[in-house]
Number of protein chains: 2
Amino acid sequence: MRVNKMSVRMRGFFERIRLSDALKIILSQVKQLGAELVPFPRSLDRVLAENVVSRVDIPPFDRSAVDGYAVRSYDTFGASQTSPKELCVVCAGKTGTESGLRVHKKQAVKLMTGAPMPEGADAVLMVEHAKTKKDNIAVLTSLTPGKNVSIQGEDVRKGEVVLKRCHRIRPQDVGMLASIGHLKVRVFRRPSVAIMATGSELRPPGTRLKPAQITDINSYSLAAGVASCGGVADRLGIVPDDPIAMRQALQKTLRYDVVLISGGSAVGEHDMAPDMVSELGKLIFHGVAMRPGGPTAFGVIKEKPIFCLAGFPVASLVAFDMLVRPALRAMQGLPADWSSLKVKAKLTRKIASSLGCAEVVRVRVWDDSGELLAEPIRVTGSGILSSMTRADGFVVVPENVEGFDKDQDVEVKLYG
Amino acid sequence: MRVNKMSVRMRGFFERIRLSDALKIILSQVKQLGAELVPFPRSLDRVLAENVVSRVDIPPFDRSAVDGYAVRSYDTFGASQTSPKELCVVCAGKTGTESGLRVHKKQAVKLMTGAPMPEGADAVLMVEHAKTKKDNIAVLTSLTPGKNVSIQGEDVRKGEVVLKRCHRIRPQDVGMLASIGHLKVRVFRRPSVAIMATGSELRPPGTRLKPAQITDINSYSLAAGVASCGGVADRLGIVPDDPIAMRQALQKTLRYDVVLISGGSAVGEHDMAPDMVSELGKLIFHGVAMRPGGPTAFGVIKEKPIFCLAGFPVASLVAFDMLVRPALRAMQGLPADWSSLKVKAKLTRKIASSLGCAEVVRVRVWDDSGELLAEPIRVTGSGILSSMTRADGFVVVPENVEGFDKDQDVEVKLYG
């Protein structure tokens with residue numbers, strides 16, 4: 001039998017690659033993107049491309065952690081509401097900022113939060129625990145040495161790595177960057193993603209469809225998927241099933257980091273996307289042993305990763321979640337796996353699946369008095385987008401498992 | 001004793017409100033915001049302020065789900081690779097879009113994905129399962145009625161609610177909006193939040209500090225916190241400890257939905273924020289039985305919620321997470337609780353806590369061969385911002401619990 005090496009169109013998917021192998025290949029082909037500098041107040045959710053090292057001690061000197069009185073803790077031992085101890089306040093006024101201050105025995109110096117600790121003092125009495133009496137204060141509580149004092153470098157030491165490369169920046173991290181004065185942050189670039197919807201039958205949303213016309217859904221859901229994992233998507237519009245138009249459209253994708261071609265990834269007459277990748281670059285796999293999302297192809301053109309995704313909205317988005325999302329995460333320095341959103345739940349119905357093919361089953365998840373339950377959503381085909389809009393997450397049945405039983409505990413990946 | 005009703009500054013926090021009560025009060029004071037229309041491609045992560053009802057059936061008519069041949073399934077019964085059945089292809093060419101087509105016994109009509117089903121046909125044979133022979137095809141597989149046919153309305157029925165009010169829009173939901181042609185979406189406005197950092201001692205990040213000067217961290221970390229839960233933050237800058245300056249700054253907050261005042265929420269001499277709220281509106285509580293974050297006040301000025309947060313970076317952000325974040329979520333129509341990011345983990349060390357005060361303990365979380373472990377981060381004070389940057393989440397010890405034991409299973413809320 002003569003096999004046309006260039007195309008699987010005429011022979012169908014004889015050999016489909018395993019999902020796990022497909023992911024491995026993809027991750028071996030994508031590279032971490034370069035870095036860019038952003039002002040720290042705009043760094044939320046970005047991923048660090050550097051180890052952030054502090055050039056300062058935080059606090060920069062021993063200082064008071066409260067508004068109050070610097071004292072020698074020894075002088076407060078035994079003090080209480082009922083048996084206060086008296087101290088003499090020296091140097092009152094807009095206090096605490098003068099240099100060369102010294103607290104002697106039975107003395108106190110008034111200071112504000114952040115004021116450097118005067119010589120001799122080893123604790124700070126909070127305002128609320130002092131009763132003023134002319135130039136004296138009555139100490140209403142006993143202090144241990146170091147109480148209410150922030151020691152130089154106790155939060156951050158000069159030279160310390162405060163935030164690590166590949167960490168995604170959260171609100172407290174923005175605070176840390178402010179604290180150490182790290183005003184510009186080196187973060188990974190966001191991957192730019194070109195999205196082409198192919199198919200002469202496609203019409204923009206809102207169009208009244210004639211027979212054999214289909215609404216372009218995927219370029220919108222995929223663009224939202226890209227945005228949801230930190231990428232920047234550009235929809236390049238609808239490209240007809242025509243090799244010339246497609247080649248032209250691919251020319252426009254040169255400046256992007258990744259290309260997603262929606263539609264034309266199967267083995268029908270008009271499914272020319274994988275062939276096009278093969279012609280202009282290298283087609284690495286075509287067909288994944290996964291349902292939905294099987295008609296997925298991956299290749300590179302001039303080292304740029306190109307994904308050919310199915311035209312069916314569910315197949316397209318499932319393949320996005322399983323294969324494209326990990327790639328976009330890896331390119332930004334994040335773990336490919338989106339693990340923080342996994343939960344264990346008990347199946348309310350059995351899931352049947354065939355050996356040799358990974359099954360991605362959408363589930364509803366709810367809390368039944370403390371126990372998480374997952375209900376597989378019944379579907380009749382991968383065109384049923386409502387199976388995803390009604391779902392809270394999905395369960396993956398690996399290719400070597402024949403499904404899961406009712407009441408079995410399964411791992412559910414939640415949609416963000 | 002004469003008690004100054006306007007101020008707790010002179011008396012300290014005699015009565016601190018329980019954390020749960022504080023949250024209840026706040027949620028009773030904030031209102032869901034109004035709605036705005038956004039184009040559906042820009043609706044990702046927004047929260048629906050309407051039930052989205054489809055005005056169309058999806059699919060709009062019975063149509064083929066694949067590229068292939070419309071057939072009468074009865075004619076394929078018993079067909080296989082080894083014993084194919086022959087059918088006569090009628091009306092080949094750019095097929096499937098003609099109206100009035102009919103499939104008779106032993107006939108097939110070629111059609112593309114999305115083409116309406118011809119009269120008489122009840123299944124579609126995929127291209128891969130047909131072998132063409134002049135005007136005939138050999139059917140290589142047996143089809144059940146309905147196979148590869150998308151029935152009108154099977155995904156969405158006209159009049160059906162496809163997405164519910166208060167649902168946060170995900171990529172598949174954007175796809176659904178495209179599918180039903182719901183081009184403009186009614187979503188809740190994002191809450192606008194004014195952030196004032198008060199304190200004459202504050203200096204912008206990157207400033208070399210003199211004694212008693214402190215870097216303004218909070219206005220940045222709070223702004224990031226606001227953004228992380230869908231709000232739009234404006235930093236109004238640093239406001240000195242001066243009633244006139246503060247009143248002026250508060251004037252500028254009229255057009256915002258929420259005001260956060262960082263610093264000046266405790267009971268020191270310069271802590272005037274709660275008094276100011278009291279003067280211009282109504283102070284509802286001052287002091288929460290929570291650590292860190294106790295010095296938190298809440299009130300309303302002309303129905304606008306005002307939060308006074310502690311000056312300490314950790315106290316400020318913890319109070320934000322416990323009290324402000326739920327409010328900002330509720331204003332957008334989301335559940336106040338951010339429950340999808342809870343995990344159960346086993347404590348590696350005991351957590352001590354005092355009765356009567358909720359304790360918010362930052363923890364590191366990791367997976368120890370399938371078991372999640374949570375390690376409380378040792379801290380010496382609420383000034384230690386690195387206790388939050390090193391943390392993956394936090395554990396709340398309620399006020400009626402005296403802490404948790406080593407090896408106890410606890411609920412950890414993960415930072416986003």
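Bear in mind that the values in this text are calculations on the coordinates, not laboratory data. All figures in this text were calculated on a predicted structure; none of them were measured in a lab. In this analysis, Cβ positions are derived from the backbone assuming ideal geometry, glycine residues included, and neighbour counts consider all displayed protein chains.
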Inset, instruction - List the extent of the Cα atoms of the protein assembly as shown along each of their three principal axes, largest first, rounded to whole Å. - result: 112, 48, 47
Inset, instruction - Could you work out the mean projected area of the convex hull around the alpha carbons of chain A, in square nanometres to one decimal? - result: 29.6
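Counting only other residues whose beta carbon sits under 12 Å from that of A:Val56, what net charge do I get with K and R as +1, D and E as -1? If you can, show how the numbers build up before the last one.
Numbers: positive: A:Arg55, A:Arg157, A:Lys158, B:Arg208; negative: A:Asp57, A:Asp155, A:Glu160.
So the surrounding residues net to +1.
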Inset, instruction - Would you calculate the separation in nanometres between label points at B:Asn400 and B:His104, each defined as 7 Å from the Cα along the Cα-to-beta-carbon direction? - result: 8.1
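Per residue of A:202-211, how many C-beta atoms from partner chains lie within 10 Å of its own C-beta, taken as a mean? Could you put the intermediate results ahead of the total?
Values: counts 1, 0, 3, 10, 6, 1, 3, 7, 4, 12.
For this peptide, the per-residue mean of nearby foreign Cβ atoms is 5.
For A:Glu15 and A:Asp407, FRET efficiency with R0 = 25 Å and r from the beta-carbon atoms, rounded to 0.05? Working shown, then result.
Working: r = 36 Å, r/R0 = 1.44.
Using R0 = 25 Å, I get an efficiency of 0.10.
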Legend entry - Global geometry of the stretch B:63-150, whether rounded, prolate or oblate, following the gyration tensor of its Cα atoms and the 1.5 cut on a/c: prolate
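Work out the mean other chain Cβ neighbour count within 10 Å for the residues of B:221-229 and drop it here as an integer.
Numbers: counts 12, 3, 6, 15, 6, 2, 6, 5, 1.
Mean partner-chain Cβ count within 10 Å for B:221-229: 6.
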Inset, instruction - Could you calculate the FRET efficiency of B:Ile151 with A:Val232 from 1/(1 + (r/R0)^6), where r is the beta carbon distance between them and R0 is 51 Å, rounded to 0.05? - result: 0.85
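For A:Ile137, B:Ile244, A:Ile25, what ranking results if the residue with the fewest other Cβ atoms within 10 Å of its Cβ goes first?
On the way: A:Ile137 24, B:Ile244 8, A:Ile25 14.
Result, fewest neighbours first: B:Ile244, A:Ile25, A:Ile137.
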Legend entry - Label-point separation in nm, A:Asp242 to B:Leu372, each point 7 Å along Cα→Cβ: 5.4
Inset, instruction - Distances from A:Pro39 to the same position in the other copies: list them in nm, one decimal, shortest first, using label points 7 Å from Cα along Cα→Cβ. - result: 2.8
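What average number of partner chain Cβ atoms lie no more than 10 Å from the Cβ of the residues making up A:386-397?
Values: counts 12, 2, 6, 16, 4, 2, 2, 1, 0, 0, 0, 0.
The mean count of partner-chain Cβ atoms within 10 Å per residue comes to 4.
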Inset, instruction - Mind putting a number on the dipole of the stretch B:63-150 about its Cα centre? Charges go on the C-beta only, +1 for Lys and Arg and -1 for Asp and Glu, and I need it in Debye to the nearest 20. - result: 140
Inset, instruction - Sort A:Thr76, B:Thr198 so that the residue with the fewest other Cβ atoms within 10 Å of its own Cβ comes first and the one with the most comes last. - result: A:Thr76, B:Thr198
Legend entry - Dipole-positive endmost among B:Ala289, B:Thr144, B:Met246 within chain B (Cβ charges, Cα centre): B:Met246
Legend entry - Residues B:Ser83, B:Ser369 arranged by fewest to most Cβ contacts within 10 Å: B:Ser369, B:Ser83
Inset, instruction - Taking chain B as the reference, fit the longest principal axis to its C-alpha atoms, fit the long axis of helix B:218-228 to the helix C-alpha atoms, and give the angle between the two in degrees, 0 to 90, nearest 10. - result: 20
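Within a Cβ distance under 9 Å of A:Asp122, other residues only, what is the Lys/Arg minus Asp/Glu net charge? Don't skip to the answer; put the middle values down first.
On the way: positive: A:Arg72, A:Lys147; negative: none.
Around A:Asp122, the charge tally is +2.
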Legend entry - 20 Å cut-off, amide nitrogen to a point 7 angstrom out along B:Val53 Cα→Cβ, residues in the stretch B:158-179: B:158-167, B:176-179
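With Cβ to Cβ distances under 11 Å as the rule, what net charge do the other residues near A:Gly237 carry (K, R +1; D, E -1)? Mind dumping the intermediate values first?
Numbers: positive: A:Arg235, A:Lys252; negative: A:Asp216, A:Asp234.
So the surrounding residues net to 0.
Using DSSP to call loops (not H, G, I, E or B), can you name the trypsin sites (Lys or Arg not before Pro) in the stretch A:176-255 whose Cβ has at most 15 other Cβ atoms within 10 angstrom?
Working: sites: A:Lys184, A:Arg186, A:Arg189, A:Arg208, A:Arg235, A:Arg247, A:Lys252, A:Arg255; in loops: A:Arg189, A:Arg208, A:Lys252, A:Arg255.
Sparse-neighbourhood loop trypsin sites (Lys or Arg not before Pro): A:Arg208, A:Lys252, A:Arg255.
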Legend entry - Copies compared at B:Arg349 - label distances in nm, ascending, label defined 7 Å from Cα in the Cβ direction: 4.9
Inset, instruction - Kindly give the distances from A:Gln251 to its copy-mates, label point to label point, with each label point 7 Å from Cα along Cα→Cβ, as nm values to one decimal ordered shortest first. - result: 6.1
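Taking square-rooted eigenvalues a ≥ b ≥ c of the alpha carbon gyration tensor, is the stretch B:339-414 rounded, prolate or oblate, where a/c under 1.5 means rounded and, failing that, a/b exceeding b/c means prolate? Show your work: numbers first, answer last.
Values: a/c = 1.60, a/b = 1.20, b/c = 1.33.
Oblate, because a/c is 1.5 or more while a/b does not exceed b/c.
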Inset, instruction - Just flag the GluC sites (Glu not before Pro) in the stretch B:235-335 sitting in loop per DSSP whose Cβ has no more than 15 other Cβ atoms within 10 Å. - result: B:Glu269, B:Glu303
